[in-house]
Structure formats: C-alpha cells, structure tokens
1. If I ask for residues that are assigned to a loop (DSSP other than H, G, I, E, B), without any contact (Cβ under 8 Å) to a residue 60 or more places away in the chain and over 13 Å from Leu221 (Cβ atoms), which ones from the stretch 242-285 would you list?
2. Quick one: is Leu180 at pLDDT 95 or above, aliphatic (A, V, I, L, M), crowded, with 19+ Cβ neighbours inside 10 Å and within 26 Å of the chain's Cα centre (by Cα)?
3. Mind checking which helices (runs of 4 or more DSSP H) fall wholly inside the stretch 1-119 and carry at least 2 residues that are more than 30 Å from Val210 (Cα to Cα) and small (Gly, Ala, Ser)?
4. Is one or more of the residues making up the stretch 160-168 in contact (Cβ under 8 Å) with a residue 60 or more places away in the chain and either buried (at least 18 other Cβ atoms within 10 Å of the Cβ) or under 24 Å from Val248 (Cβ atoms) (or both)?
5. Just checking, which of Leu97, Leu180, Leu101 is among the hydrophobic types (A, V, I, L, M, F, W, C) and in the same structural domain as Pro212 (by TED's automatic domain parsing)?
6. Of the numbered conditions (1) under 21 Å from Glu213 (Cα atoms); (2) at pLDDT below 80; (3) of a type in the set (Val, Ile, Thr), Val277 fails exactly one; give the number of that condition.
Amino acid sequence: MTADLGALAGRLTELERTHAELEAQLADPEIAGDHARYREVAKQHARVAEIVGTAARWREARDDAAAARELAEESEGEDREAFLAEAEQHEARAAALADELRRLLIPPDPQDHKDVIVEIRAGAGGDEAGLFAGELQRMYQRFADARGWRVEDVSVSEQGVGGVKEATFQVSGEDVYAVLKHESGVHRVQRVPVTESSGRIHTSTASVAVMPEAEEVDVELDPNDVRLDTFRSSGPGGQSVNTTDSAVRLTHLPTGIVVSSQDQKSQLQNRERAMRVLRARLLAEEEQRRNAERAEERASQIGSGDRSEKIRTYNFPQRRVTDHRINLTVHNLEEVLAGQLDELVDALAEEEQRRRLAALAEREPSAG
C-alpha cells in the first residue's frame, strides 16, 4: 500500500478528537450505568485507541530517526556510525508502523463479519458446466472445512452424472464474508471433457454469487409481498423427505425473485432457510444499486461482484489458475480445487485494502 500518510492527516486528527470524546463518554456515570451503550462505546474506543496509539508510536519512531540522523551529522568516526545505525533502526520501525497505520485507517466493511449465502449455477458448456459447478461447490466446502466454518445446504439441483445445475448453501463462521466476498462472478474452466474423443479442449463456465446473510433489520420484507408454494422434494434427502410436501418455494412479488429450499425434512425448516436466502438476495440487489450510484466507492472495489463478470480461469492442461482482476496466476490447480484457496483470497483482500486506502486518501484534503 503506497498511499501517503500525509494525505490522511485530516483523518488522523479527526480520530484523535474522537478518541478524546469516547474517553469522556466512558467516564460518564450515565453511560456507565447503561450496559448496552457502555459496551458499544467501549468497542468504538478500543478500535480508535489502537489507531491513535499506533499513530503516536509512528510519530515517535519518525522523530527518533530524525534526531539520530541529526546527531550523526554532528559526530565523527564510531559515534557517527552508531548514530546512523540507530537512525536506520528507528526508520525501519517507523516504516512498519506506517504500514500498520495505513491498514488500521481503512474503515471496516460493515458486512465483513457476516455469514454468507453462496449460489453456484452451471453456465455455458452443458454437462461439462454442471460438472465444473459441482467441483466449485466441493472446493468451497473443503475450504470452509479447513477454516472451521459450517456449511449447510439449502437447495441442490443435480445435472447429468455428478454435475450440478444449481446449488445454494449457507456458510457460517468468523468473518466469512470478508474472506469469500471476492468469489462472486463467472468462473471458467478449460479442459478436455471425458466425453471428448478427439482430445479438444473445451471451455465451460459456472457463475458464483456470494451474498452476506441479511438480518431482519437489514431488509424490510413485507409478508404480503411473498408468495409461498409447497411441493414434494425430489432427489437426495431421505425417504421421509419425499412423502410430504415439505419443499418450499418463495416468490418475492415486487422483484420476481424466486427461492426454493428442499434439503430439510420439515416445511418450517425449509421455509426458514429459503427466507434467509431471499433476504440475502434482496440485500445484494440493494447493495448493487447503491454501488451503481456511488462511482467513487465502486472504483475502490475489485470488480463489480456481478455474476456476469469473468473473474477466474481454471486451466487443466497447464495446471494453472488465473485471477483476471489482479493478474495473479498460480500453478497448483489440483490443490486449489481441493480447497487450498488461501493464496488467492489473501491476494484479493490485500488488493481491496490498497484500493480502499487510495480512495480514502483521495477524499482527504491535501496536507500542507
């Protein structure tokens, strides 16, 4: 991240003022007597205190380096070398603190801590696209398992032998959306299908949508706007699933969004699961609308998050995976499909931080 801290001087001054105000609130007996309010103020204070403390240590290291350099200019021989070495140590510490401060100054995405709803749909390529969609579903399942997250199926529509036409599932855990949010878009696979006798490489696609799970307070949902239909589940799920009309289909009349759930044994469970997906879709649509209105905010994002945007290619002959948004290529395709996504998601998170910090610096008035 290369944004100049000088360009963020106004933000630092504002946070230092906020820090003093929060400390005064924590000492206020009225706030101390309101446990919920006190916890919220304490949480804000902890975050701001970390930034203010890091800024103070950065300034101290920067000043110590300047003082050591000044002493070196006034000295000779071994003393001069000692002061120069000391200056270099302080400068290295200041540089590390500056990097940490830049990271802390980026406002957190309020959605990052949320669980997610993931939808995967087979795209162009017939049965081969369905096979690829199924592989992506298993890839995210394994990645989630390695992170200690919980995955719950909402609805799976099979296609062909081992393929998936559409799969919807929930992933729960710590900061799930922060890690998976850049997976939305078109994933492309290039390989020779098992049914291809001439050995020609085919290109198939599958789309992925990762949506933060919406709380009731996030989305206003009028029950009169939702039509409920029930039907008999088909496919895997056990014999008891197939003897009653336990599957649920919800239609949001104002938008035409249709959500179904059939993997749970009871109609109530399927309805609750489908409602989660519906809220997530409505929240995602609202976020896309807001981002379209905020060009500056959109420019700080990595792609649009739209499932029509091509984001990544999985090339089997070359054993490579390329993320087109950050021009990153890794040559461990089998490991990636086995759930080892860390290198890709970490690089995407770093790029997001860089862009958001640059956008923040551009909004600050010029320092000096």
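1. Selection gives Thr244, Asp245, Ser246, Gly256, Gln264, Lys265, Ser266.
2. Considered against the rule, which asks whether it is at pLDDT 95 or above, aliphatic (A, V, I, L, M), crowded, with 19+ Cβ neighbours inside 10 Å and within 26 Å of the chain's Cα centre (by Cα), Leu180 comes out as yes.
3. 9-26, 35-73, 77-105
4. Yes; the residues of the stretch 160-168 include at least one that is in contact (Cβ under 8 Å) with a residue 60 or more places away in the chain and either buried (at least 18 other Cβ atoms within 10 Å of the Cβ) or under 24 Å from Val248 (Cβ atoms) (or both).
5. On inspection, the qualifying residue turns out to be Leu180.
6. Only one criterion is unmet by Val277, namely (2).
The values are calculated or read from the model by the stated rules, or taken from the named source; none is laboratory data. For clarity, every value in this text was computed on a predicted model and none was experimentally measured. Heads up, the Cβs are rebuilt from the backbone with ideal geometry, glycines too, and the neighbour counts pull from every protein chain shown.
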